[in-house]
Amino acid sequence: MVRYAAAVLWALAAAAAATAAAVANSGAVNKFPDGFLLGAASAAYQIEGAWNEDGKGENIWDHMFHEHPEYAHNGENGDVACDSYHKYAEDVEALKGIGATAYRFSISWSRVLPTGDLDVINQAGIDYYNNIINLLLENGIEPMVTMYHWDLPQALQYIGGWPNPLMVDYFVEYARLLFDTFGDRVKWWTTINEPYIVACGYSSSGWQAPSQNAPGIGNYLAAHTMIRAHARVYRLYEQEYRATQNGKVGIALNSDWYEPAEDTDSYLEAQERMFQFQLGLYAHPILLDGDYPAVVRQRVDNNSAAEGRPRSRLPSFTEEEKQYIKGSADFIGINTYTTTIVEPGDSGGVPSFELDTGVIRYQNESWPGSSASWLKVVPWGFRKLLNWMSNEYPGYPIVVTENGYGDWGELDDQRRIDYYGSYLAELLKAINEDGVNILGYMAWSIMDNLEWASGYELRFGIYRVDFNSTDLARIPKASASFMGDIFRNKTVPDEYFQ
Ligand code: GBH
């Protein structure tokens, strides 16, 4: 009885503290904090088109989809896409239409450096991004720039791409050019979008460029280089630009919430392993101690030894590298869309990332779905993921760099509206009730675009683009006015909190 009473008192005190925090914050659970960035996201290859115009170099997606149209839905590719290279002013109009205070977009490396290196600087590419940045700022929209959203210059893939450790130096010099050229106006940088997915391009053939089929090897080599490249860019900013430019540098990781199929020890351990292999592989070295999570180190080392290899498939950082990697982010970006079920067990061949995890992943088919088989609508998982990250990586503010819903493109997109309403409600509970430090939210995506190997059929846009039309107009869907109300009022409708 006494213990029970104490628990009740504790719960009351905690509830009172949470309420006090919410009041101090903004007064109500359904309101965003002051200064919270609300916007939408895109990526260069998915929207720009003009793949070989005005001096742009070929990248690995141009190359893969031209060489292997069979990898893409209906042989579609980003040659034209939304034609944002010419229609960027219409993109800014769309952002204004939803009251966005930020726009997350990426720079095409091979549009500014066609060979990937500094031997050729393409002024037309630089002009293009200057025009976008200036137009955004004129309209009160904060540019949030991704340096690398999967589109490596093909010239750098010819020398191995991300598994080649030299890629660190190429990336640092590219970043230096971006800081020098745009850093007076760009205050939010993310280095690499979803290194986990980038690494998949070196562990399987098919959907992810450059489609290099070295499972369990290429992905770890690519990850290793990307972590070093990210950290070196962070240190470059810190040492040479922060004092004058005063911006923030982070990275955009991706993860689902992983929900264990059972609430037992072995399942909870599987859940923890999955988070450490997916998020921890990058976030643990960058945000915590400069090194891979112990469980990842141990399992890949053990499997490598069992396979008869003289060395681990997962490389090691030197002490010097650990020092510059540790703490190399001002914020942590997260792209998240859904929840996936996990249980302990073996999947994938020998060797593979999947087998190294010792986790089996699958979807709960009874959850409400979308037009993408991988995307189930599970708003509570969003709140759990934000809390997990906040506990695992204390002291780092979070930016939700992507979140959104895929359908077949209907203008009356009620399912997208309900997705955003319910996910934003969970985001606000994480902020106002759980005390998670979150600085911004970028919806994916401002408009329909090339959904990589899924082509133009699967659509994530708040604006519709009819890819068969000649003008490629940005047409607001019902979700555009819904998001506009939320972004302007800084409030999510009450019905989504029930
Ligand atoms: C994001 O990745 C990307 O950053 C963005 O470019 C993309 O448009 C957006 O998602 C929407 O997909 O087809 O079953 O093989 C999110 C992570 C990784 C989720 C690839 C979907 C494909 C699974 N995505 N995954 S499947």
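Observations, loosely collected:
- Summed over region 264-301, the residues that are open to solvent by less than 30 Å² (accessible area, probe 1.4 Å), aliphatic (A, V, I, L, M) and more than 17 Å from Val359 (Cα to Cα) give a count of 3.
- Of all residues assigned to region 489-498, none qualifies as being within 16 Å of the ligand (Cβ to nearest atom) and either open to solvent by 10 Å² or more (accessible area, probe 1.4 Å) or under 18 Å from Asn30 (Cβ atoms) (or both).
- Tally, over region 440-459, of residues that are assigned to a helix (DSSP H, G or I) and surrounded by fewer than 22 Cβ atoms within 10 Å (Cβ to Cβ): 2
- Residue match in region 467-476 (condition: within 16 Å of the ligand (Cβ to nearest atom) and either aromatic (Phe, Trp, Tyr) or out of contact with any His (no Cβ under 8 Å at 6 or more places or on another chain) (or both)): yes
- When residues in region 155-205 are screened for being among the aliphatic types (A, V, I, L, M), surrounded by fewer than 23 Cβ atoms within 10 Å (Cβ to Cβ) and not in a helix (DSSP H, G or I), 3 of them pass.
- Pairs where the first residue, in region 297-313, is under 15 Å from Gly218 (Cα atoms) and the second is open to solvent by 90 Å² or more (accessible area, probe 1.4 Å) and not aromatic (Phe, Trp, Tyr), C-beta under 8 Å, 6+ apart: Ser304/Arg311
- When Asp256 is tested against (1) touching a Ser or Thr at 6+ places or on another chain (Cβ under 6 Å); (2) open to solvent by 40 Å² or more (accessible area, probe 1.4 Å); (3) of a type outside the set (A, V, I, L, M), only condition (2) is not met.
- Remark: Thr318 falls outside the filter, which requires a residue to be modelled with pLDDT of 95 or more and open to solvent by less than 50 Å² (accessible area, probe 1.4 Å).
- Total residues in region 366-415 satisfying the condition of being within 14 Å of the ligand (Cβ to nearest atom), among the charged types (D, E, K, R) and in contact with a Lys or Arg (Cβ under 9 Å, 6 or more places away or on another chain): the figure is 2.
- Answer residue from region 45-92, given it is in a loop (DSSP other than H, G, I, E, B), acidic (Asp, Glu) and within 16 Å of the ligand (Cβ to nearest atom) and is surrounded by the fewest Cβ atoms within 10 Å (Cβ to Cβ) among those: Glu76
- Note on region 322-439: enclosed helices (runs of 4 or more DSSP H) holding 3 or more residues that are in contact (Cβ under 8 Å) with a residue 40 or more places away in the chain and more than 20 Å from the chain's Cα centre (by Cα) are 353-357, 414-432.
- Restricting region 192-213 to residues that are touching a residue at least 24 places away in the same chain (Cβ under 8 Å) and of a type in the set (Gly, Ala, Ser), the residue that is nearest to the ligand (Cβ to nearest atom): Gly206
- Residue count for region 93-127, restricted to those that are crowded, with 22+ Cβ neighbours inside 10 Å and more than 24 Å from Met447 (Cβ to Cβ): 3
The values are calculated or read from the model by the stated rules, or taken from the named source; none is laboratory data. Computed from a prediction, not measured in an experiment: that's the story for all the values here. Here the Cβ is made from the backbone with ideal geometry for all residues, glycine too, and neighbour counts use every protein chain on show. Each accessible area value is taken on the protein alone, full model and side chains, heavy atoms only, with ligands, DNA and RNA left out. Shrake-Rupley method; radii C 1.70, N 1.55, O 1.52, S 1.80 Å.
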